[in-house]
Structure formats: structure tokens, C-alpha cells
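Asker: Got a structure for you, written out below as C-alpha cells; questions coming shortly.
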Amino acid sequence: MIPLAEININKFKHGLYVVSTPIGNLGDITLRAIEILKRSDYILCEDTRVSKKLFDRYDIKSKLISNHKFNEKKNVIKIIEILKSEKIVSIISDAGTPAISDPGSIIVNECVKNNIEIYPIPGASAVSAAVSMSGFLTRYYFYGFFPEKKKEIKKDLEDLMNLNSSIVFFVSPKKINKMIEYLKIFFSGRKILICREMSKFFEEYIRTDVDSLELYKKTPKGELTVVLSEKKDDKNVSNNLSESDRKNIKKMIKTLSIKDITDLISQNKNISKKEIYSYCLELKNEK
């Protein structure tokens, strides 16, 4: 246990405080987070309208500065000047921890360059919450949100599919069906947990196998945290395409998508989807 005197000494030093806020239920904020937010001279907020709900709940009246992905670069000089004047500045995101798939890394790095003290105020985490209830291997790789370009997504997934650990993704509701298609290709044989609206009244958890995962009929509400289980070692699956398989794929590549070919071949034969997908890519690149 940390002595109370030591906590009091560290409590109100000037510098940047990276404060975790609830991922849904406002009751999940820590007492220390409330205290530092109240004592802050300024609070950097991803969306002041969202943060206002939290501030009204806990009577936090510090000055606010809007700080989101579209203006955080412009804010840097102003914020560094404030911090150099020995003020207490906190940064929060709409939910969870700043700089973890949210704005914050730019100002953190600038503070490092300027020798400005940075203090983490830990709290609720969608990543650790999802992994803790997954039942999967506790050694995990956190990926975050997918990039926009298909080429970048496929390249990243080709690297991730060989990791023998749990993998955590953040997925926006509008992109979940597209991501499910990718997951079926790259992570066949794994188990999956999809968490939606964690800690809220309508929280939802889907546990199934990647291969059995169905597309959403309606766009779900709220961002999703997706956890994939560790890689399954299936000795019955072959990694070798026969010559006849290759000939068939060459014919199909002219009319079918890589996904359709992968699904079709893997259903009829014990060949890994990775092998089929890789060969299809080779053929596409030859054109």
C-alpha cells in the first residue's frame, strides 16, 4: 500500500495528466480522476458536449479546451505555453484513455520534447475489460481501429494472422460487416468475442467461432471491441495446394473474388485459408 503522505505529495504537481474516463457507465470513474479534473486549470476534451455529462455528474467546473483529431496539431503550441507557466492540465477522451486509439499522442510527445512532466491517471479500459472476460489467452496484441485503405488492412492482417496470441480490435459499427468478411478469411478456426456497449444498460456480448460468425442485419449501435482467440493448431489442415487446385483457382480468379474463391476451396478440402488467399494474391499481382 502506498502511504497517504506520498499520495498527497504527488497529488497536485503541475504538468499534463492523462486521465482515463468511463467507457460507458459514468460510475466507473476513479476518485483520483475526479479530484485531478476538479483541480485542473484546463481540461483538453475530445468532445466538450460528451464530456459535459461527466462534468455535470461530478460537479467539475474547470476551463475546457476542445482537443480532437482535427485540431490537436494546431493546439500544441498554445497548450505547451500553458504547461510551461506551471499550470495543471488534464487531457481526456470521450471514453477510455487518451492516446490509445484516441487523440492525445501529439501533445504527449510534445511534452516529452519540452521536458514537461506527464502523469497517467488509470481507469476503465475497453481492452482489458474485453480480454478479462474472453476466456482466451491473456497474452494479447492490441491493434486498435482498422485503416481506411483495403491494401493496408490486408497487409496488417497477413502479419497478424500468424500471431499465437489473443488479438484485440476496435471496430466502428458502420465497418463491422466488412471486417467480419476479412476475419473469416484471415482467422478461420479461431474463436471470437464481440463486445458492444460495455458497462451500459444495453451491453451485448457475442461468443462464437469466426467461421460461424454472421453479418449484422442492421448497423449496431456503438463502437465494438472484438477479441480473437489464440491461433488454433490444427494438424488436420494442409498448407499445400495441389496442382489441380491451382488450375481451378486460375480459372476462378477471372470471375470470382478472392474471398469467394477462398471460401469455396476451403469448404471442399482441408486446406488453410491462408494458403488459398496467398496464392490468389500471387495471381492478382502477376496481372
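Asker: Among the residues that make up region 94-102, is at least one of them over 17 Å from Tyr17 (Cβ atoms), out of contact with any Leu (no Cβ under 6 Å at 6 or more places or on another chain) and polar (S, T, N, Q)?
Answerer: Yes, there is a match, as at least one residue in region 94-102 is over 17 Å from Tyr17 (Cβ atoms), out of contact with any Leu (no Cβ under 6 Å at 6 or more places or on another chain) and polar (S, T, N, Q).
Asker: Is it true that Val131 is over 26 Å from Leu37 (Cβ atoms) and in a strand (DSSP E or B)? Before the answer, list the steps.
Answerer: Numbers: over 26 Å from Leu37 (Cβ atoms): yes; in a strand (DSSP E or B): no.
Against the criterion (over 26 Å from Leu37 (Cβ atoms) and in a strand (DSSP E or B)), Val131 does not qualify.
Asker: So, in region 274-287, of the ones that are among the charged types (D, E, K, R) and at pLDDT 80 or above, which residue ends up nearest to Ser242 (Cα to Cα)?
Answerer: Step one: of region 274-287, the residues among the charged types (D, E, K, R) are 274-275, 282, 284, 286-287.
Now drop any that are not at pLDDT 80 or above, which leaves 275, 282.
Values: Glu275: 11, Glu282: 16 Å.
Across region 274-287, the extreme among qualifying residues is Glu275.
Asker: Test Lys149 against the stated conditions and say whether it is loosely packed, with under 13 Cβ neighbours inside 10 Å and farther than 30 Å from Ile29 by Cβ.
Answerer: In short, yes.
Asker: Considering only region 214-234, state which residues are of a type outside the set (D, E, K, R) and farther than 17 Å from Leu160 by Cβ.
Answerer: Residues of region 214-234 of a type outside the set (D, E, K, R): 215-216, 219-220, 222, 224-229.
Matches in region 214-234: Leu215, Tyr216, Thr219, Pro220, Gly222, Leu224.
Asker: Now for a different question. Please go through region 59-78 and give me each residue that is surrounded by 14 or more Cβ atoms within 10 Å (Cβ to Cβ) and either outside the structural domain of Tyr42 (by TED's automatic domain parsing) or not in a strand (DSSP E or B) (or both), ordered by number. Lay out the reasoning, then the answer.
Answerer: Quick first cut of region 59-78, residues surrounded by 14 or more Cβ atoms within 10 Å (Cβ to Cβ) only: 60, 62, 64-68, 72, 75-76.
Result: Ile60, Ser62, Asn67, His68, Glu72, Asn75, Val76.
Asker: Being touching a residue at least 12 places away in the same chain (Cβ under 8 Å) and in a helix (DSSP H, G or I) narrows it down to one residue among Val89, Val112, Val108; which is it?
Answerer: Values: Val89 fails: in a helix (DSSP H, G or I); Val112 fails: touching a residue at least 12 places away in the same chain (Cβ under 8 Å).
After applying the criteria, what remains is Val108.
Asker: Taking Ile261 as the residue in question, decide whether it is of a type in the set (A, V, I, L, M), at pLDDT 85 or above and under 25 Å from Lys178 (Cβ atoms). Reasoning before the result, please.
Answerer: Numbers: of a type in the set (A, V, I, L, M): yes; at pLDDT 85 or above: yes; under 25 Å from Lys178 (Cβ atoms): yes.
It is true that Ile261 is of a type in the set (A, V, I, L, M), at pLDDT 85 or above and under 25 Å from Lys178 (Cβ atoms).
Asker: Please give the strands (runs of 3 or more DSSP E) falling wholly within region 157-258 in which 1 or more residues are basic (Lys, Arg) and either at pLDDT below 95 or not assigned by TED's automatic domain parsing to the domain that holds Phe145 (or both).
Answerer: Numbers: elements: 166-171, 191-196, 204-209, 224-228.
Output list is empty.
Matching residues to (1) crowded, with 19+ Cβ neighbours inside 10 Å; (2) farther than 30 Å from Arg49 by Cβ:
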position	(1), (2)
Pro103	yes, no
Met133	no, yes
Phe136	yes, yes
Arg139	no, yes
Val171	yes, no
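Asker: Follow-up. Please go through region 154-169 and pick out each residue that is farther than 21 Å from Ala126 by Cα, under 16 Å from the mean Cα position of the chain (by Cα) and crowded, with 17+ Cβ neighbours inside 10 Å.
Answerer: The one that is farther than 21 Å from Ala126 by Cα, under 16 Å from the mean Cα position of the chain (by Cα) and crowded, with 17+ Cβ neighbours inside 10 Å: Leu157.
Asker: Ok, one more. Please name all residue pairs, on different chains or six or more residues apart, with Cβ atoms under 8 Å, provided the first residue is in region 138-156 and is in a loop (DSSP other than H, G, I, E, B) and the second residue is small (Gly, Ala, Ser).
Answerer: Thr138/Ser166; Arg139/Ser165; Arg139/Ser166
The values are calculated or read from the model by the stated rules, or taken from the named source; none is laboratory data. Keep in mind that what you see is a predicted model, and the values were worked out from it rather than measured. Heads up, the Cβs are rebuilt from the backbone with ideal geometry, glycines too, and the neighbour counts pull from every protein chain shown.
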